[in-house]
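Peer 1: Can you read through this structure? Questions will come right after.
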Amino acid sequence: MTKSKVPVDPLREFLEAVVTRIEALETHCGISAPASSSSVGGASLHGASSHGMQKTASARHIAGAGETPATKAFDKFYNTTVYKFADSCDDLEMGDMGKYIVETFSGMRYVVVLASKSKQPQDMTELTQYLTPITDPVGKIRTMRLKRDFDSHQKAIMEMLACVSWVTLRAPNLPAPFVKECIGSSDFWSNRIRKEFKGKDDEKAMAQLAFCDALKKTLQDLAAYIDEYHKTGLEFNPKGVSLAEAAIRLTDNPLQDAAIEANRKKDQLANKKNKDIGNTVKGGNMAGVGFWLAHP
């Protein structure tokens, strides 16, 4: 009896193609993954290897490390634009997508802070082992199994997340224009969502369009941030220490990961409460005003 061939999952094939393009770009720029970082079952991307007792800090928490103008500006972007995009994923009930988006950009923040404490290494491949806080959540997004209704969403997100490679680019390959290119490729899939829900004013359609707008704004704001603070590439500190020394000095606080995600959920619930109260008042029920005044 002949076994029938298992059909290739077109979404998985697409996501693997995106990852291949990212890896090709990094190889072109001199940032290649170490041999030990090959993926297992397609679940991980290029990224960190562990050397002896050296520890790579997880994304998110670097106690007292956000003092440079570049880090402060990134925090503003992270706490507004990124959170809004993550919330739009939650509004569509896309599983842990919002959480992984936050973790990805939190990992990007870690790399920005690490660079602000470090001298630029002579060999930029040294940076590769510190990219795990970015590549791990991207790998989780890549292997997520969502409803078929979210195929275009996941493809748009993966095209968007090609932007994370900006941290590896150096002149003449400028990072801001590269991130701007990701807008067009992600828009290809976002526009399919827009076309499906255009002209509809129900809550579901509004949430779908909000997702598309938030995704695009994330890339636009990231490109603007990079253009101002990392124009020719990730900004290092000429008076800093080595990457390895800076990584050791940065405090790893895994408990803070859960706390940040809990606060994001709390903020999201508060925003929803404000929206519900607004709808109640708009409908003519002034009891909503009394409730809000009684529960500041």
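The values are calculated or read from the model by the stated rules, or taken from the named source; none is laboratory data. Bear in mind that the values here come from a model prediction, so they are computed numbers and not experimental data. With ligands, DNA and RNA removed, areas are computed over all heavy atoms of the protein, side chains included. Shrake-Rupley method; radii C 1.70, N 1.55, O 1.52, S 1.80 Å.
Peer 1: Taking θ as phi - 60°, what are the ³J(HN,Hα) couplings along region 115-123 by the Karplus curve (6.51, -1.76, 1.60), each to the nearest whole Hz, with x for Gly and Pro?
Peer 2: Listing the rounded values in order: 5, 5, 9, 10, 6, 5, x, 5, 10 Hz.
Peer 1: List, in the order given, every pair from 84/140; 72/147; 72/200 whose Cα-Cα distance in the structure shown is over 28 Å. Let's see the in-between values first.
Peer 2: Values: 84/140 20 Å; 72/147 37 Å; 72/200 39 Å.
72/147; 72/200, as the Cα separations exceed 28 Å there.
Peer 1: Can I ask one more? On the accessible surface of region 173-230, probed at 1.4 Å, how many percent belong to carbon and sulfur atoms?
Peer 2: Numbers: 1590 of 3080 Å².
That fraction is 51 percent.
Peer 1: Compute the length gained on full extension between residue 249 and residue 80: take 0.36 nm times their separation in residues and subtract their Cα-Cα distance, giving the result in nm to one decimal.
Peer 2: Working: separation 169, 0.36 × 169 = 60.84 nm, distance 2.78 nm.
Taking residue 249 through residue 80 to full extension adds about 58.1 nm, to one decimal.
Peer 1: Another question about this same structure. Please list, in order along region 163-170, the HN-Hα scalar couplings obtained from phi with the Karplus expression 6.51 cos²θ - 1.76 cosθ + 1.60 (θ = phi - 60°), rounded to whole Hz, x for Gly and Pro.
Peer 2: 4, 4, 5, 4, 5, 9, 7, 10
Peer 1: Accessible area per residue, 1.4 Å probe, Å², for region 138-228: what's the number?
Peer 2: Values: 4210 Å² over 91 residues.
That works out to 46 Å² per residue.
Peer 1: For region 208-220, just list the computed ³J(HN,Hα) in residue order, Karplus coefficients 6.51, -1.76 and 1.60, θ = phi - 60°, integers in Hz, with x standing in for Gly and Pro.
Peer 2: These are the phi-based 3J(HN,Hα) values: 5, 5, 5, 4, 4, 5, 5, 4, 5, 5, 4, 5, 4 Hz.
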